[in-house]
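First up is the structure itself, then whatever we jot down about it.
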Amino acid sequence: DYGAFVDLGGVDGLLHVTDIAWKRVVHPSEVLNVGQSVKVQVIRFNSDTQRISLGMKQLEADPWDNAESKYPLGMKLSGRVSNITDYGAFVDLGGIDGLVHLSDISWSRISHPSDVLEIGKNYEFKILKVSDDSDKISLGYKQLKDDPWDSIETKINLDEIYDGKITHITDYGAFVQLTNKDLEGLVHSNDISWTKKNIHPSKILDVGFNIRVKILEIDQ
């Protein structure tokens with residue numbers, strides 16, 4: 001899981017997973033196969049422990065050099081989603097990976113990046129932050145669309161009734177995605193039922209339910 005051992009002709013060296021490529025490699029088998037011949041560079045040698053550390057990415061120019069000038073803030077570019085975690089998605093930008101955080105995927109609440117993005121697919125992203133020192137690029141997906149809260153007054157009106165779908169339930173209420181509005185509202189537990197009081201929202205509602213709601217308050 002942590003790398004590949006390479007026969008240098010009578011002695012083995014370790015090619016660590018972080019030294020295979022400049023882009024993020026989750027498992028060595030994504031890039032290497034047993035029996036494959038590779039060109040490597042000796043990057044460390046410890047005679048006391050008899051360990052040889054090898055590198056492949058060191059044979060290529062570091063794509064993070066001058067990354068701030070290559071990827072200016074606000075730049076839009078296409079990338080392929082290479083891996084998805086609970087906190088975001090890694091995107092292959094062509095040699096290096098950027099991270100789009102969960103909070104930068106959608107203006108509305110989503111529980112997991114896979115709700116919107118799919119591994120292996122290409123999407124357009126926006127550069128939010130670049131750090132040469134830490135080799136990190138932060139990407140935005142929702143930033144390609146206007147913030148729906150900027151024009152909330154033109155989209156939603158007090159006392160109007162809308163259809164929506166429940167996306168999340170908490171102890172204090174249920175979050176509802178308003179149909180065709182790219183907006184999410186909260187139905188407080190006190191506003192779910194006139195008769196069923198002091199009861200957990202999950203006893204009445206469930207994630208995925210389609211419900212009709214009335215707008216009681218708007219706070220931009």
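Against the conditions (1) more than 27 Å from the chain's Cα centre (by Cα); (2) surrounded by 14 or more Cβ atoms within 10 Å (Cβ to Cβ); (3) not small (Gly, Ala, Ser), residue 51 satisfies every one except (2). Residue count for the range 152-208, restricted to those that are over 16 Å from residue 109 (Cα atoms), open to solvent by 80 Å² or more (accessible area, probe 1.4 Å) and in contact with a Phe, Trp or Tyr (Cβ under 6 Å, 6 or more places away or on another chain): 0. Only a single criterion out of (1) open to solvent by 40 Å² or more (accessible area, probe 1.4 Å); (2) more than 30 Å from residue 170 (Cα to Cα); (3) not hydroxyl-bearing (Ser, Thr, Tyr) is not satisfied by residue 79, namely (1).
Scanning the range 107-126 for residues that are among the hydroxyl-bearing types (Ser, Thr, Tyr), touching a residue at least 40 places away in the same chain (Cβ under 8 Å) and either open to solvent by 20 Å² or more (accessible area, probe 1.4 Å) or closer than 24 Å to residue 70 by Cβ (or both) gives 111, 123. Close contacts from the range 21-44, counting a first residue that is aromatic (Phe, Trp, Tyr) and a second that is in a loop (DSSP other than H, G, I, E, B), with Cβ to Cβ under 6 Å and a gap of 6+ residues or different chains, come to 22/63; 22/95; 22/96. Only one of the numbered conditions (1) among the β-branched types (Val, Ile, Thr); (2) open to solvent by less than 40 Å² (accessible area, probe 1.4 Å); (3) under 27 Å from the mean Cα position of the chain (by Cα); (4) modelled with pLDDT of 90 or more is violated by residue 31, and that is (2). Residue-level check: of (1) over 19 Å from residue 102 (Cβ atoms); (2) open to solvent by 90 Å² or more (accessible area, probe 1.4 Å); (3) not acidic (Asp, Glu), residue 129 misses just (1). Where strands (runs of 3 or more DSSP E) fall wholly inside the range 137-220, the ranges with 2 or more residues that are more than 28 Å from the chain's Cα centre (by Cα) and more than 25 Å from residue 103 (Cβ to Cβ) are 161-170, 210-214.
The values are calculated or read from the model by the stated rules, or taken from the named source; none is laboratory data. In this text the structure is predicted, and so the values were computed from the model without any measurement. Because the Cβ atoms are built from the backbone with ideal geometry, glycine has one as well, and the counts that use them run over all protein chains shown. Side chains included, ligands, DNA and RNA excluded: accessible areas come from the protein's heavy atoms. Shrake-Rupley method; radii C 1.70, N 1.55, O 1.52, S 1.80 Å.
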